[in-house]
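Presented below is the structure to which this report refers.
The values are calculated or read from the model by the stated rules, or taken from the named source; none is laboratory data. Please read these numbers as outputs of a predicted model, since none were measured by experiment. Note that each Cβ is placed from the backbone with ideal geometry, even for glycine, and that neighbours are counted across all protein chains shown.
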Amino acid sequence: MKKNLLLTLALAVMMPLGAQEIVKGSIEDVPRQGSYQPTFKSDGAKKKPLNIILMIGDGTGLAQIASGYFANNHELTVMNLKHMGFVTTRSATDFTTDSSASGTAYACGIKTYNYAVGVDQEKKPAPNIPEVVAKKGVVSGVVSTDALDGATPASFFAHQPNRGMADEIWADLPASELIFFAAGDKERFEKRPEATQKAVKESFTVVDNLNDPAYAKASRLGYLPTKVEAGYIVDGRTDFLPKSTRYAMDFLKDHSARKRGFFLMVEGARIDKAAHANQFESMVKEMLDFDKAIAEAIRFADEDGNTLVIISADHETGALSIADGNPAEGKVSGTYVSTWHTAIPVPIFAYGPHAQDFMGCQGNDEVGRKIMNLLTGK
Ligand SMILES: [Zn+2]
């Protein structure tokens, strides 16, 4: 208990609440990237989706999306979608949520306290989507540009009272229902206790690249790229997120026994991290990269016809506003009013069968419960 309290205090110091000076940032001459134009053939269909992909842009409010949209001259795949709504994100204990309470709301369909990972307000494990849908034979995976023990991915496989308990979170991985993960990073994993590393390697084929075709046949696969390959775009990350997203969808579809379906969570984690640091240019680059992963998911949904893609956020970060720009020149300027999260509702977009279920305003916990119900046939 004492350890948990210390971790909570340490995190509170790391993430101070409250207002700060206005920080301005801008980006220009952004190289254009195309968007994927959906066919809309399965969009809004009444049949139950076989597969669901939940894409969480950490800290990604409307201004973060719009910054990428304007910088790329009015073009993003997510902005090509038609079914949209809003998500309110407050946690059980705080008006402004952190990523673990919101991650747990999405993963477990419950409101809990800030810093909780897959546990309820009494610190009891709450069943997460991969556990609930596994009973129906549905397989699951996660992809993130954060560490695998980061609050959002951890909410989908771990049950720990505090997000800072990295060793305990990694130790929950072997007994989880995940059969695929791709997240940062190899160096971080190698710092875990020997017994934890051994247990993870005994239950997953752990690799640091996806090049060998034999990996696709592993029963459970864990991809841990290097720190740089899973780090910020501005520090040298290339195509880790869109590439791992595509790989995960193919891997899970291939491993879905008798076509029972799959669940995949994809997180664009560094939109939030760049916004915490009020690094506008870095944030826009992370947003554009997240949209590449969204394009992969929407393209897959069109190829497959039975896949629902949901794109939302755990909360907004930075109280970002946009005051100036020139889309034709790939130029946009933003101002941050905070270095922490805000309670502003975040947009949600959906594409595929039952996309219409996610229109309107809803809690993040409701989104989690809707996913569970759709995948278990309720
Ligand atoms: Zn954050």
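I'd like to check something: does segment 285-292 contain any residue that is more than 16 Å from the ligand (Cβ to nearest atom), surrounded by 24 or more Cβ atoms within 10 Å (Cβ to Cβ), within 24 Å of Lys259 (Cα to Cα) and not small (Gly, Ala, Ser)? No, there is no match, as no residue in segment 285-292 is more than 16 Å from the ligand (Cβ to nearest atom), surrounded by 24 or more Cβ atoms within 10 Å (Cβ to Cβ), within 24 Å of Lys259 (Cα to Cα) and not small (Gly, Ala, Ser). Only residues that are among the small types (Gly, Ala, Ser), modelled with pLDDT of 90 or more and either more than 16 Å from Ile22 (Cα to Cα) or within 16 Å of the ligand (Cβ to nearest atom) (or both): list them for segment 325-344, please. Those that are among the small types (Gly, Ala, Ser), modelled with pLDDT of 90 or more and either more than 16 Å from Ile22 (Cα to Cα) or within 16 Å of the ligand (Cβ to nearest atom) (or both): Gly325, Ser338, Ala343. A single entry from Ala134, Ala175, Ala147, Ala171 fulfils the requirement of being within 19 Å of Phe204 (Cα to Cα), within 16 Å of the ligand (Cβ to nearest atom) and surrounded by fewer than 24 Cβ atoms within 10 Å (Cβ to Cβ): Ala147.
Residues that are out of contact with any helix residue (DSSP H, G or I) (no Cβ under 7 Å at 6 or more places or on another chain) and in a loop (DSSP other than H, G, I, E, B) were ranked within segment 225-256; the one that is surrounded by the most Cβ atoms within 10 Å (Cβ to Cβ) is Arg237.
Restricted to segment 61-95, and to residues there that are of a type outside the set (A, V, I, L, M) and touching a Lys or Arg at 6+ places or on another chain (Cβ under 7 Å), the residue that is nearest to Val337 (Cα to Cα) is Ser91.
Listed by first and then second residue, the pairs with beta-carbon distance under 8 Å, at least 6 apart or on different chains, first residue in segment 239-267 and among the basic types (Lys, Arg), second assigned to a helix (DSSP H, G or I), are Arg246/Glu296; Arg246/Phe300; Lys253/Asp304. When restricted to residues that are farther than 16 Å from Thr104 by Cα and in a helix (DSSP H, G or I), segment 350-370 contains 4. Filtering segment 113-132 to residues that are touching a Ser or Thr at 6+ places or on another chain (Cβ under 6 Å) and of a type outside the set (S, T, N, Q) leaves Tyr113, Tyr115, Ala116, Val117, Gly118, Asp120, Pro130. Restricting segment 56-75 to residues that are assigned to a helix (DSSP H, G or I) and under 17 Å from Ile311 (Cα atoms) leaves a set whose member that is nearest to the ligand (Cβ to nearest atom) is Gln64. For segment 76-97, the tally of residues that are within 16 Å of the ligand (Cβ to nearest atom) and surrounded by fewer than 23 Cβ atoms within 10 Å (Cβ to Cβ) stands at 4.
Inside segment 268-300, residues that are outside any helix (DSSP H, G or I) and closer than 16 Å to Thr77 by Cα make up a count of 1.
The residues of segment 226-276 that are under 19 Å from Ile65 (Cβ atoms) and either within 16 Å of the ligand (Cβ to nearest atom) or charged (D, E, K, R) (or both), listed by number, are Tyr232, Glu267, Gly268, Ala269, Arg270, Ile271, Asp272, Lys273, Ala274, Ala275, His276. Among residues of segment 300-324 that are within 18 Å of Gly85 (Cβ to Cβ) and more than 13 Å from the ligand (Cβ to nearest atom), those with a Cβ under 9 angstrom from a residue that is in a helix (DSSP H, G or I) and among the hydroxyl-bearing types (Ser, Thr, Tyr), sequence gap 6+ or separate chain, pair up as Ser312/Tyr106. Remark: pairs (first residue in segment 355-368, within 11 Å of Thr88 (Cα to Cα); second residue among the charged types (D, E, K, R) and not in a helix (DSSP H, G or I); Cβ separation under 8 Å; 6+ apart in sequence or on different chains) = Gly363/Lys111; Asn364/Asp314; Asp365/Lys111. Restricting Ala147, Ala218 to residues that are more than 28 Å from Met283 (Cβ to Cβ), in contact with a strand residue (DSSP E or B) (Cβ under 6 Å, 6 or more places away or on another chain) and among the aliphatic types (A, V, I, L, M) narrows the list to Ala218.
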